[in-house]
Each structure stands twice: as C-alpha cells, then as structure tokens.
Amino acid sequence: MSESRAAHDAASPGVLTRFADRLPLTGATPRISLGEGSTPLVPAPSLEQITGAARVWLKLEFCNPTGSFKDRGMVVAVAKAIEAGYEAVLCASTGNTSASAAAYAARQGLRVYVLVPGGAVAQGKLAQAVAHGARILAVEGSFDDALQLARAVTERRSIALVNSVNPFRIAGQQTAAWEIVDALGDAPQIHCMPVGNAGNITAYWRGYRDSYDRGDAKQLPQMFGFQAAGAAPLVTGRPVQHPQTFATAIRIGNPASWQGAVAARDESGGDIVAVTDAQIRAAYEHLARAEGVFAEPAAAASVAGLLALHDHGMELAGRQVVCVISGAGLKDPEAALQIQPDRRDVPATLEGIEAALD
Ligand SMILES: *Cc1c(COP(=O)(O)O)cnc(C)c1O
C-alpha cells in the first residue's frame, strides 16, 4: 500500500477498521470502506427548550456516504458476501438499502439487483441506484411483497441477500450505538428512532447491551421506536396490508425484525408509538427551520416521537436524549417542495433586490 493510500485510510477508516475487534470479521474478510460511520452527534437546543430535557442529541446518520445509516450494515454484508465468494447481491428496498447496496457493489465490482415497490420510492434514492448502475426491478406490489420475493429468489440463486434479515447488516448497524456511548461516555437515558422493518432498533439495542456488558456504558437507555400511524404494525400488534405514509422509508406493513423490536421495547422499558404524518411533517419542518437539519421524512419521525412523548406528559428534565436522524432530506426533494416557498420573482436590478429584503 502506498503511503498516501495509507494516510487516506487512516483519515476515514470506516467501521470495518474502526470496530474490527467487535464485528464478526475474519482474516479473509476484505476491509472495504466508503468512510462510513463516525457520524456527528450534535445538540438540538430548540428541542431541549421545548421538552425540558438536559440534552437532546441528534445522531446525524445522513452523514454516511450514501446519506443514510444503511451503509453501516451494508459494508459488513457486502464484505462478508465477497468473503463467501458471491459475485452478485440483491435486496428489496424502500430506497435507502438499494442506494447503499448499489454504491458498495459498484465500488467492489459486484452485480447488484434491487427490488423496489413500484411508485413508492423517493426520487433521490432512485437516482442513486440509477447512477451506481444497479439493475432496478420495480415490483408491482408493496415492500413486504418485494422482500418476500427477494428471500425466495436468493434461495434459488447464488446471489447474496443484503436486506437486514442478513445478520451482518444488524451486526454493522450496532456501530452507531457504540459511537454514541464513545461520545457521551455512557448510553443516554432515552433513545428515539424511526422503525420500519425494525432492523435498526434491533441493532441499536444489541449495540447498547454490548457496550453495557463490556463496561463501556453504566446504564441502558429506554428504547422508543416510532412508526407512522398508517404503517404501525408494531403498535397495533398485527401486520398492515396496505401501509400508507409520506415517510416512504418506514412504509412497511410486516417488519422482518418484529421480534427484535418487541424485545428492545420490553427489555428496555421503552415503547413503540405511532406518530401521524402531520406530526412527522411538523417535526420535519421544525428540524429544518429551527435546527438547520434537513432530514428525510422518516428520519423526522424520531423527533415527532420525542415531541409526542413530551406532549403526553413524559418527564424529560435531567435526561439525556438521543434522536437518530436516519436519512438525508435531499433523498426526497418532493417532500420539501410541498412546503409553500418564500419566493418572489424580482427584476435584475439592485432596487428590485433591495425591495425584496426585510
Ligand atoms: C431504513 C430506514 C428506516 C427504517 O429502519 P428499519 O431498520 O427498517 O426499521 C428509517 N429511516 C430511514 C431514513 C431509513 O432509510
């Protein structure tokens, strides 16, 4: 390895290098990386003021290379697929899993197939899959249909399934919890996140427990997961046939990691709560306007949920809260452009510009 290459790897080592001793790697696992992980944990002063929490931290997972947390698990799943000799990977996706799979596969020279529910994927995510050269199979059905087909076809063919039913995805996604414990010196008391297929809440809970078992964390958080009201099977206790929400990343009616989500909720003394699209949209706009954080709608469900807990009278004074901001606002420009813009047409003159200022 040349010196400049080594310096580059040290600058942005990625999770396989940073957490090599805690992930299920062998000497034969290639240490691939797009510089994922090590995302910022920033305070949200306006949310502290509203809720009275001692600190509200935003874990900015959209700072991962493809703009969502999916990269943490995908890098492990793709590395293990290469180790096992696969030359192709496949996933079903509401968008971000396909963007991530497409990027890592492109970098490693693997073929990549993505099964997306027709018409239900945000434009930015589709753009990524197109740009990275994925073969896109637009399935005439829901995400849940696509995942079932993805499982079936990868059983018949020598293609690695890289959905979160692949245990290496969950293993890699634990790294976000480890980073939070690293940054805070302990786990927070309250952890808030969106829940769709429920792989990520399963991973965070496993990650926090692992930090606790190692003595890195002295406490475990209460885990609060938030589903969109039109796609809330874990709240109602039964699968939803036709899930509906503008937060397409969590538009899932039958989560693959159902048991993991229920365990995280029950073992941590937390809850899984529904938030309406109106609550998600309000949180989405608040994050952008008051915190300067442009998240995609599903990511704003963390904050919608925290505000709902506060509205329901939960005592947050003195508490450390972490909200996972799971994906980037630019993924879904259509959601942003539904906001009435503050826009005027002005003549190309100094007077025209000055007249339009406050
Ligand atoms: C995938 C995703 C989720 C949901 O995560 P699950 O592991 O499916 O519960 C939430 N937000 C964003 C932005 C996502 O991409």
Within the range 295-314, restricting attention to residues that are near the ligand (Cβ under 9 Å from one of its atoms) and of a type in the set (A, V, I, L, M, F, W, C), which residue is surrounded by the most Cβ atoms within 10 Å (Cβ to Cβ)?
Ala301
Yes or no: the range 267-282 includes at least one residue that is in contact (Cβ under 8 Å) with a residue 60 or more places away in the chain and out of contact with any strand residue (DSSP E or B) (no Cβ under 6 Å at 6 or more places or on another chain).
yes
Single condition Arg319 does not satisfy, out of (1) touching a helix residue (DSSP H, G or I) at 6+ places or on another chain (Cβ under 6 Å); (2) more than 12 Å from the ligand (Cβ to nearest atom); (3) over 17 Å from Gly230 (Cβ atoms); (4) of a type outside the set (Phe, Trp, Tyr):
(1)
Only residues that are without any contact (Cβ under 8 Å) to a residue 24 or more places away in the chain, in a helix (DSSP H, G or I) and farther than 28 Å from Leu220 by Cβ: list them for the range 283-312, please.
Arg289
When the range 118-138 is checked residue by residue, the ones that are within 27 Å of Gln241 (Cβ to Cβ) and without any contact (Cβ under 8 Å) to a residue 40 or more places away in the chain are Gly118, Gly119, Leu126, Ala129, Ile136, Leu137, Ala138
Just to verify a result, which residue in the range 190-231, among those that are of a type in the set (S, T, N, Q) and either more than 16 Å from the ligand (Cβ to nearest atom) or surrounded by fewer than 22 Cβ atoms within 10 Å (Cβ to Cβ) (or both), is farthest from the chain's Cα centre (by Cα)?
Gln219
Within the range 232-279, restricting attention to residues that are closer than 25 Å to Pro167 by Cα and assigned to a strand (DSSP E or B), which residue is least open to solvent (accessible area, probe 1.4 Å)?
Ile272
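The values are calculated or read from the model by the stated rules, or taken from the named source; none is laboratory data. In this text, all values refer to a predicted model and were calculated from it rather than measured experimentally. Positions of Cβ are backbone-derived with ideal geometry, glycine not excepted, and every protein chain shown enters the neighbour counts. Side chains are part of the model used for accessible areas, which takes the heavy atoms of the whole protein and leaves out ligands, DNA and RNA. Shrake-Rupley method; radii C 1.70, N 1.55, O 1.52, S 1.80 Å.
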